[in-house]
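Encoded as structure tokens, the structure appears first; notes follow it.
The values are calculated or read from the model by the stated rules, or taken from the named source; none is laboratory data. Every value quoted in this text rests on a predicted model; they were computed, and no experiment measured them. Neighbour counts are summed over all protein chains in view; Cβ atoms, including those assigned to glycine, are modelled from backbone coordinates with ideal geometry. Surface areas here come from the heavy atoms of the whole protein model, side chains and all, with no ligands, DNA or RNA. Shrake-Rupley method; radii C 1.70, N 1.55, O 1.52, S 1.80 Å.
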Amino acid sequence: MWDKFVFKTDTNPNPSQKGSNGMFGGTNGNSGTSGVKADPAAEEKADNNSAHAQQAASSDDGRPLQKVILLCGPPGTGKTTLAHIVAKHCGYRPMEINASDDRTSEVLKDHVNRAMNSNTITGDRRPNCIILDEIDGIDNRASIDTLVNIIKAPLRSSKKKHEKAAAAGDDGEEEEENEKEKSKGRSSGVGSSIAGLSRPMICICNDQYTPVLRELRRHCQVFVFQPPAEARLISRLNAICSVQKLTVRSECKFG
């Protein structure tokens, strides 16, 4: 879960959330929201990764194993609305980026980096939750590769590594280690200018099986949205009308 890394605590600081597991802290099962269910492939991946969960929680940088959520489903099913609600509920400030508007990888990288580090002038001190909407609208493979590299990249300037090098007192060894890290980054496609993801990210798409999303999907916890049944919508409208003391003819509600 991101709370341990972002808030430096195991529990979310938002007092309104009793019993909350925090951002990305729950299981991969049904979220409790009607029409939303976990993707079976994601459930299988979560089961395979469960053995590594403890190791991930106690890793050097403290970030969760699954750093990104992917919400997918038809338009109008509430994906973006739910992303904003979840972010606020978990104590974050939603920072929405329309990925399809960012046509180049450099622009997308710049927007994500600023979202990870920016604060508002209104005094809102909540950390950002990055919401990338219309991610399947990106027709540039380089942009998706850049996003995947941000997710995979280690955090910069590990304090623990510098302390270890200082204790060893060997500048040559530290320099050699830095060269190895740079070489490793180049060989894996993660450049030295890529900053590792330091805030929770929610990606949103209509079609998770768009070819350009294949690599990104491997690094996400996937939830699939289903259109609500007509009977459920009518029931909800009836409840709203009852609370608001409105009288509506049945033919209006049934269309």
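Observations, loosely collected:
- Positions within segment 210-255 being basic (Lys, Arg), open to solvent by less than 80 Å² (accessible area, probe 1.4 Å) and more than 18 Å from Pro74 (Cα to Cα), in sequence order: Lys253
- Restricting attention to segment 200-255, the residues that are among the basic types (Lys, Arg), under 23 Å from Asn140 (Cα atoms) and in a loop (DSSP other than H, G, I, E, B) add up to 1.
- For segment 92-108, the set of residues classified as out of contact with any Cys (no Cβ under 9 Å at 6 or more places or on another chain) and either open to solvent by 50 Å² or more (accessible area, probe 1.4 Å) or in a loop (DSSP other than H, G, I, E, B) (or both) consists of Glu96, Asp101, Asp102, Arg103, Thr104, Glu106, Val107, listed by residue number.
- Only one entry in Ala87, Ala42 is crowded, with 20+ Cβ neighbours inside 10 Å, at pLDDT below 85 and in a helix (DSSP H, G or I), namely Ala42.
- Those residues of segment 111-154 which are closer than 22 Å to Phe5 by Cα and open to solvent by 60 Å² or more (accessible area, probe 1.4 Å), in sequence order: Arg114, Asn117, Asn119, Arg125, Arg126, Lys152, Pro154
- For segment 155-166, a tally of residues being on the phi < 0 side of the Ramachandran plot, modelled with pLDDT of 50 or more and open to solvent by 60 Å² or more (accessible area, probe 1.4 Å) returns 1.
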